[in-house]
1. Condition first: among the basic types (Lys, Arg) and within 21 Å of the chain's Cα centre (by Cα). Now tell me which residues in region 240-299 satisfy that.
2. Name the residues in region 236-295 that are hydroxyl-bearing (Ser, Thr, Tyr) and part of a loop (DSSP other than H, G, I, E, B), would you?
3. Step by step: first the residues of region 221-254, then only those that are in contact with a Phe, Trp or Tyr (Cβ under 6 Å, 6 or more places away or on another chain) and small (Gly, Ala, Ser), then the one that is surrounded by the fewest Cβ atoms within 10 Å (Cβ to Cβ). Which residue is that?
4. Give just the number: which of (1) more than 20 Å from Gly86 (Cβ to Cβ); (2) in the same structural domain as Gly244 (by TED's automatic domain parsing); (3) in contact with a Cys (Cβ under 9 Å, 6 or more places away or on another chain) does Gly226 not satisfy?
5. Wholly within region 108-179, which strands (runs of 3 or more DSSP E) include no fewer than the required count, namely at least 2 residues that are in contact with a Ser or Thr (Cβ under 6 Å, 6 or more places away or on another chain) and either among the acidic types (Asp, Glu) or at positive phi (or both)?
6. Can you find, within region 119-138, the residue that is farthest from Glu104 (Cα to Cα) among those that are surrounded by fewer than 21 Cβ atoms within 10 Å (Cβ to Cβ) and at pLDDT 90 or above?
7. How many residues are β-branched (Val, Ile, Thr) and without any contact (Cβ under 8 Å) to a residue 60 or more places away in the chain if we restrict to region 260-284?
8. What about Tyr90, is it buried (at least 20 other Cβ atoms within 10 Å of the Cβ), at pLDDT below 95 and more than 22 Å from Gln298 (Cα to Cα)?
Amino acid sequence: MICITLLSLVAAATATTTKRKSMSKLTVLLFLLFSSFNSSTVTSLYSPSPPAAPFSQSTPDPDSSPPAEWLFAHATHYAATDALGGACGYGDLPNGMATAALSEALFNRGQICGACFELRCHEEDADFDRRWCISGASVAVTATNFCAPNYGSDAESLSGHCNPPKQHFVLPTEVFEKIAIWKTGTGNMPVQYRRIECRREGGMRFTISGSGIFISVLISNVGGMGNIVGVKVKGSKTGWLSMGRNWGQNWHVNALLQNQPLSFEVTGSDGITVTSYNVAPKDWTFGQSFQGKQFPLQR
């Protein structure tokens, strides 16, 4: 009796084991089929894109064109023999150039440097004698300097015209007189302004300064939107290195780049990027300027 019972238990165990093995094989087959299907699905969703081809300028975004609407501000003038580049770092500019210093509300800590604006006298303003506006006239100016606020004066006073939140332009007298007739008492003139594209002759200019591993580059003569939001530099022995904004349109990086030709990648405020390869030759030295590509005009 005991032997029969043992044989029965062994047979039952064997049957159970065989059944489990069959189920295990079925489970493995199902898992392999599911894994194969899921793997192909994931590959189709997340397969890496092919590397981008080299480019000299990116494709323009049609939605990033400068706004056409006119905004309201005020403008004053100064009779200086030279218009100093000042806060944007452009250096001394010739007398009479169409430049402007911007109040804190517009200057945006130097990020607006190089941008271009169209200004016209605001004839509909009741607080200004419309006899002094030159009807139908406008002038294009480039942001090159900063009009610092005077917190010792009220924003509504003449000496506080650049105080926040006022939007204000300070123009050379020669530029001011293109849109208004200058006379005593017409100094704080209501104007309308709008962003426009900058039209430049030739390519962007890269002026290299610094010492040792500290490299500073002033970027000027920038077309398109005019102001820059990002710069990268590349030597023949390095990859692309991001540069930081030092001040205005001076950009810097700590890297040993001597005895290498330099390429620059410049991104404007509209997101368009222009890459200029081998702008500076291998034997470049500090203090030299070089010309690269230019931003395309969108209008």
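1. Arg245, Lys293, Arg299
2. Passing the criteria: Ser236, Thr238, Ser269, Thr285.
3. Filtering first and then ranking leaves Gly223.
4. (1)
5. Result: empty, no element qualifies.
6. Checking each candidate, the answer is Ala137.
7. Qualifying residue count, region 260-284: 1.
8. For Tyr90, the condition - buried (at least 20 other Cβ atoms within 10 Å of the Cβ), at pLDDT below 95 and more than 22 Å from Gln298 (Cα to Cα) - is met.
The values are calculated or read from the model by the stated rules, or taken from the named source; none is laboratory data. Please read all numbers here as calculations on a predicted model, not as lab measurements. Note: ideal-geometry Cβ built from the backbone for every residue, glycine included; neighbour counts use all protein chains shown.
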